[in-house]
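Here is the structure we will look at, set down as C-alpha cells.
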Amino acid sequence: MASSTIQGKRVLIVEDESIIAMMLECELNDGGCEVIGPAPSVEDALRLIDTEPLDCALLDYRLADETSGRIASALAERNILFLMMTGHCAGDLPLELRDKTLLQKPVTGKALRAALEWILNSAA
Amino acid sequence: MASESPFPIVGIGASAGGLRALEQFFETVTADLGMAFVIITHLAPDRESFLTDILARHTSLTVHVASDGQKVEPNSVYVLPPNASLTISGGALRLRQIEHGHSERSPVDVFFSSLAQECGEYAVGIVLSGSGSDGVLGIKAIKEQGGLVLAQSSDGTQPSFSGMPDSAIASGLVDFAVPVEDMAAKLAENRQSIGLVDALAGNGAPVGDHPDAKSIEMLYAVLRTQMGHDFSGYKKRTFIRRVHRRMQINHCDTLKGYVDLLQRDHEEPARLFRDLLINVTSFFRDAEAFDAFEKIVVPRLFERRGAADTVRVWVPGCSTGEEVYSIAILLREHMDKSTGSPRVTVFATDIDERALSVARAARYPPALMKGVSPERRERYFTNHSGSFVVAKAVRDLCVFSVHSVLRDPPFSRMDLISCRNLLIYFGADAQRQALPTLHYALRPGGLLFLGKAETIGRFSEMFAPVDKANCIFQSRDTGVPARMPAFINGLRPAPFLSHRADHIAPGGMGARQSAEARIADRFGPPHVIVNEDGDILHYSARTAKYLEAPYGVPSRQLLTSARKELRLDLRSALREAVETRRVATRDNIAFESAGDHVEHVSLTIEPLPEGMDGRPSFLVAFEEKDVSQDRSGDLSKVVQPETLATSPVEAELRDTRERLQGTIEEYETALEELKSANEELVSLNEEFQSSNEELESTKEELQSLNEELQTVNQELWAKVEDLDRANSDLTNLFASTNVATIFLDRDLVIRSFTPAVTSLFNIIATDKGRPLGDLAIKLDYPELQDDIKSVMRTGTLIERRVNQMVAGTPHFLSRLTAYRNTEGKIDGVVATFVDVTSLARSEERQRTLVAELNHRVKNIITVILALAKQTLTRTQGSEALMTRLYALARSHELLARESYGAVSLEEVVRQALAPYFSEGSQRLTLSGPAVALPPKVAMGFGMILDELATNAVKYGALSNSSGNVSVDWSSMDSPEDRASTLTLRWREDGGPRAADPKKRGFGLTLIDREVSYGLAGSAAYDFGETGFSGTFKIPLKPRPE
C-alpha cells in the first residue's frame, strides 16, 4: 500500500452506529487516511463539512431519523467526492442517488479502501 | 289405506282467480290438520307452472308436484302439473300425460269423481274461484259417496270469478258455502265427524239391529207427513248414511236428537229430503226401466215414420244431461239399424242454466259411466284425456234450453216426454199443474216416461198405463180439443182464453139448489148452469130447442152446442155476465126451430153465488117469446102495414145473420191459420235454439280458453312480481356497491351502470344507449377500447392495474369480462373498476418494510463484524466476543418483540442482566419509574449494561459471592425543548475495592463511545472503596406521536 492514492487523504465518516463508526475509522486509519469525525448525525456532519478541509467522505445513507441526502447535497456543492454506504438495495434509494457509487453493507476494509481509491483516481 | 287409519283427502278445484284464493286458503290451514290436499287447476298444456313455488311461500305444509304412483300423505299438498290429468286409486295418485294439443277441460270433475270412489266418506271437495262449471259433476259424485263439499261463497273475500263456485252452490250439493278464509276452520270443525258415519252405519252391522231402530221409524214418519214421500222402501244403508251426514252438519250426536231437530226446525226436513234424493244421474240409471224403454217405447216412436217426419222428444228437468244422452243413445241405436229413419230432436230443458252448460259440454268423468256398456262406450263416446265425451252423432240430436215446466209455455206435439224424478220435487199443487201441461205437450197417443217413485195420480183420464212397472204411460185422447193451459198472469186464467177440461167439476150441488129456487121464482124456463168458461155444469129439462149436439167430439161447451143463431148473443151475454157479475139479457132473438119456423127467445144470464169449489157459475135461462102472442098483444099498438113490412126486414136480418155467421167461420179459419203460423214460429224458434246452442258451446270453448289465459296471466303476474323484487334487489345492490360496473352491449353501447361509475366517467343516467367511446374517461387507460373489443372477440378476461403511475389519484383494478346471455353466447362486455388504492398503499408499505428489514439485517451484520474485529484485536478472547454477541441478540429480541417500537427501560435492564443473576436473586436491585425507550436507545443501553455486568464479574461486586448491584433511574423533563433527560445509575456494593480504571480496558471505552456517540449523552464513573459506580445521562427525544 505504499503508493496508495488514499494515503494521507482527509476522509469524513458519517455513521450513526458507534461500533460501525469505530470499525470504519479503524479501517481507514489502516489505509493511511486521516479520519474526520466520525459524525453520528446530519447536523454534526454539516458542521464538520463547514469547518474541516476534506478530500472525500464516506456516508451511511440511513442515519437515526433521517437520510444523508442533505449531506450529499452539501458535499456535491463543494465538489467533494463521497461514497454512499447502505444496507438498502439500490432500487430502494431515491433516483438521484442510484447512479452514485454505492457500497453495500457489510463492506470489508479492503473493498472500502479500493472503492475510495477508485473514486479518487477517477476524479484525478 | 288399509293398513293406516284413513284420513280425509281434500280435492281443491280452482281456475281463473284461483291463485289468490289458494294463497288465502293455505295461509289459514294449520300444519297439523291431518288432511292431504290435492290441487287441480286449469292449466295451459305447454307451460311450466310456478304454482308449487308460490304456494310453498304461503304454507308450512310440504308442497309437491304430483307424480304418478305418489303415495298421498297427510299434511301434504299435491299440485297437478301441466299437461296431465290426475286421478287417485289405492292411496296413490295416478298421473296421465295428455297428448300434445289436447287439454282436459274438466280436470276437477275427473279428479273429484275418482276421489269419491277412492275415499268415500273421507273425500272432501272444495270448489274455489273459476269460471265455467267444472266441478259440478265431481261434487255430485262426492256427495253420493257421503263426502263433504265446500264452495267459495260470494260474501267475505269474493271469488274473482264466481262461475265455478256458483254452479256448485246452485246444484244444491254444497254442504258449506263459506268465504275462502273460513274454509280451513270449517274443515277443522268437521275433521272429527268425517268418517264417523262409517263407524256408525258401517262395520256390516245390519241397520235393523241398530238400537235406534225406533228413531229410524220416526224419521220415516216425519218425512211421510212433512214431505209426503215414503222412504221406508229405500236402501237402509244409503238412507242412514245420508241421515248421518245431515246429523254431522247439524252437530247432532244421536238419531233421537236429530228426530227432535226435524220436528223443531221446519227447514230441516226439506234439506234432508233433498239430500236423500241425491242421485248420481249416471247413464242408464235404473237399467230395468231403460230396458223397457228400449223394447217398448223406442219401436213405437219410429212406427210408421218416414224420413220426412220428425220424432220429437222432450226431457224436462234434464239437469246435467245424463238421462238425455241415455235416451238419445237408444234412439240413435235404433236409427242406425234402419234406413230412412225420421229426424229425431230431443229437447232437453232445465231451469238451472249452469247444469245445462254441463250438459251442453257433454263431457263426463269415468265414475258416471258405470251404466254404459263397453260397446256403447266405444261407439257413442270418445275418451278424451280421462273423461268421456259424447259422440257428435248423439250430441247433435239434443237441443238444450232453459225452460220451466211450471212457468213457461210448454212445447207441443211431442212424441215422448221423459220426466224422470222431477215430479217428486214438486208439491201437490205443482204436480196438479205439471201433469196437464205434459198432457198438452204430448200429441195424442204420445208416451210419458216417469221415474220409479212417480205416478200420474188422479189424472188417469189423461194418461193410460203402457208398462205400469216401469212407469210408461200413453197420452189419452180426452176428446176435448187440446187447449194450452194458461201460464199468464200468475196462473189465473182469463175468461174465454182457455177451456179447462180438467175443471169440469161435478160439484155445485148447493148452486143447483139455489138455482132451483130461482127457477121456481121465474116459472121454470129451460136453462143450463155454466161455469165462467162456458162449460155446462147442469142441464134443465126442455133445452133441446136451443141446444143441439155439435159435430165432432162430444162437448159440453155451451157455445159449441147452442144453436148457431144463438151463439153470438150467448157469447156476448155470457161475457157481459162474467165481467160485470150482473144479470145480462138479450131479448127477441130469432132462430129457426124445427119446421122452418121462426121463433123468438130471450136470454137471461145471471151469476149464481159461488159454489163449494169457489168458482163462479152462471144460470143461462132461455125464455120463449111467443111471437103470435106478442103480435096479438102488440096489435093494439102496431098497425098492420108495419107488420107486413116486417117480413122483408126479417129476411134482411136473416141474411145479415148468415153473413155474420160466415164471418165468424172465416174468423175461426183465420184463427186456425194463425195457429199453424204459430207452430211454424215455434219450430223456427227451435232452430234458433239449436243455433244458440252452437253459440253456447263456442262461448264455452272461449270461456275455457279465457280461463287458461287468466291462469297464465295470474302466474305471469306472480312471476313479474318476483322479477320486480329481484330487480329491486339488484338496483339496491347497484346503489350500495362501491364497485363501478358498466354493462355494454354487442355494439359497445352502455346498457346500464352502477352509480360508482360516475366517479370514473363523465356519465349521467341519460347516457344509457350511448357508445362508451363518446364519454370522457377520468382514468389513465388508453387501451380501454382495444381491450373491450378483444374481450368481445375472444371472450377471455382482461385484468389491468389502472392509474398506478399517476400519483395522488385512486388506483383501480379494471376487469373486463364477456357478458354471456342465457344461451352462453357473448352479448356484450361487463367492465368493472375496483378501487384498489388501499391495496396499493399496503403494497407500498410492505415494500418499505422489506427494505427496512434489509437495511436492518445488513446493519446488524455490519455491527457484528465491527464488534468481532474490535474484540478480537483488543482482548484476544473469543468468550468476550460471544458474550457481546449474546447481549446484542438479547437487545434485538426485545426490540423484535415490540416490533421495533418503544420498549420499557426496566425490561431492557432485566433482559441485559438476566445471564448474570439467577431468577429472583437478592444481589440485584432495580428501581425507577416506567420509562419507554426508543429502539436505538434500548439497543445502546443493552450493550452498556452488558459491558458493566461483564466488568463487575471480572473485577467488581460479582467477582465474589457477597457483592450486589443496584440499578436505579429517573427521568426529568426539561421544559424548553420538550425533551427529557434520563439518568441511570449503576452502583456496585460489597465487592472488592474498585480496580484501577486503566485495567478496565476496552469495556469502558465501548461504553463511553456508545453513550457519547450513539446516545449523545454523558457518563461519569466513580471507583470508590465500596465498589464501582457509574452515572449515565441520556437525552430522550419526545416520542413522535
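The values are calculated or read from the model by the stated rules, or taken from the named source; none is laboratory data. Since the structure is predicted, the reported quantities are computational estimates derived from the model, not experimental observations. Note: ideal-geometry Cβ built from the backbone for every residue, glycine included; neighbour counts use all protein chains shown.
Of note:
- Residue within the range B:845-864 that is farther than 30 Å from B:Glu906 by Cβ and of a type in the set (A, V, I, L, M, F, W, C) present: yes
- From the list B:Ser387, B:Ser404, the lone residue that is surrounded by fewer than 22 Cβ atoms within 10 Å (Cβ to Cβ) and in contact (Cβ under 8 Å) with a residue 24 or more places away in the chain is B:Ser404.
- 2 or more residues within 32 Å of the chain's Cα centre (by Cα): qualifying helices (runs of 4 or more DSSP H) within the range B:260-375: B:268-276, B:322-337, B:353-361
- Against the test of being under 12 Å from the mean Cα position of the chain (by Cα), part of a helix (DSSP H, G or I) and of a type outside the set (D, E, K, R), the options B:Pro159, B:Pro165 yield a single qualifying residue, B:Pro165.
- Considering each residue of the range B:977-988 in turn, none proves to be of a type in the set (Phe, Trp, Tyr), under 21 Å from B:Phe1002 (Cα atoms) and not in a strand (DSSP E or B).
- Scanning the range B:813-862 for residues that are surrounded by 17 or more Cβ atoms within 10 Å (Cβ to Cβ), more than 14 Å from chain A (Cβ to nearest Cβ) and within 30 Å of A:Met84 (Cβ to Cβ) yields a single hit, B:Ala840.
- Total residues in the range B:157-175, condition surrounded by fewer than 18 Cβ atoms within 10 Å (Cβ to Cβ) and either more than 23 Å from B:Gln714 (Cβ to Cβ) or touching a strand residue (DSSP E or B) at 6+ places or on another chain (Cβ under 8 Å) (or both): 2
- Every condition in (1) at pLDDT below 80; (2) in contact with a helix residue (DSSP H, G or I) (Cβ under 9 Å, 6 or more places away or on another chain); (3) more than 28 Å from B:Phe283 (Cα to Cα) holds for B:Asp155 except the one numbered (2).
Residue-wise test of (1) farther than 23 Å from B:Ser514 by Cα; (2) surrounded by fewer than 20 Cβ atoms within 10 Å (Cβ to Cβ).
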site	(1), (2)
B:Leu566	yes, no
B:Leu570	no, no
B:Glu576	no, yes
B:Arg581	no, yes
B:Glu606	no, yes
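- B:Pro782 being in a loop (DSSP other than H, G, I, E, B) and closer than 21 Å to B:Phe734 by Cα: no
- Looking across the range B:1023-1041, the residues that are surrounded by 14 or more Cβ atoms within 10 Å (Cβ to Cβ), in contact with a strand residue (DSSP E or B) (Cβ under 8 Å, 6 or more places away or on another chain) and modelled with pLDDT under 85 come down to B:Thr1026, B:Gly1027, B:Leu1036, B:Lys1037.
- Of residues in the range B:728-767 being surrounded by fewer than 17 Cβ atoms within 10 Å (Cβ to Cβ) and β-branched (Val, Ile, Thr), the one farthest from the chain's Cα centre (by Cα): B:Thr758
- Counted residues, the range A:45-68 - those being surrounded by fewer than 17 Cβ atoms within 10 Å (Cβ to Cβ), at pLDDT below 90 and of a type outside the set (A, V, I, L, M): 3
- Within the range B:924-963, considering residues that are touching a Lys or Arg at 6+ places or on another chain (Cβ under 8 Å) and farther than 16 Å from B:Ala914 by Cβ, the one nearest to the other protein chains (Cβ to nearest Cβ): B:Pro934
- Within the range A:102-124, residues that are more than 14 Å from chain B (Cβ to nearest Cβ) reach partners that are small (Gly, Ala, Ser) with beta carbons closer than 8 Å, at six or more positions or on different chains, in the pairs A:Arg113/A:Ser4; A:Arg113/A:Gly31; A:Leu116/A:Gly31; A:Glu117/A:Ser4.
- Filter result for B:Leu905 (surrounded by 12 or more Cβ atoms within 10 Å (Cβ to Cβ), more than 14 Å from every other protein chain (Cβ to nearest Cβ), in contact with a strand residue (DSSP E or B) (Cβ under 8 Å, 6 or more places away or on another chain) and modelled with pLDDT under 75): no
- Only residues that are without any contact (Cβ under 8 Å) to a residue 40 or more places away in the chain and outside any strand (DSSP E or B) were counted across the range B:536-553, and they come to 9.
- When residues of the range A:13-35 are limited to those that are in contact with a helix residue (DSSP H, G or I) (Cβ under 6 Å, 6 or more places away or on another chain) and more than 9 Å from chain B (Cβ to nearest Cβ), the one surrounded by the fewest Cβ atoms within 10 Å (Cβ to Cβ): A:Val35
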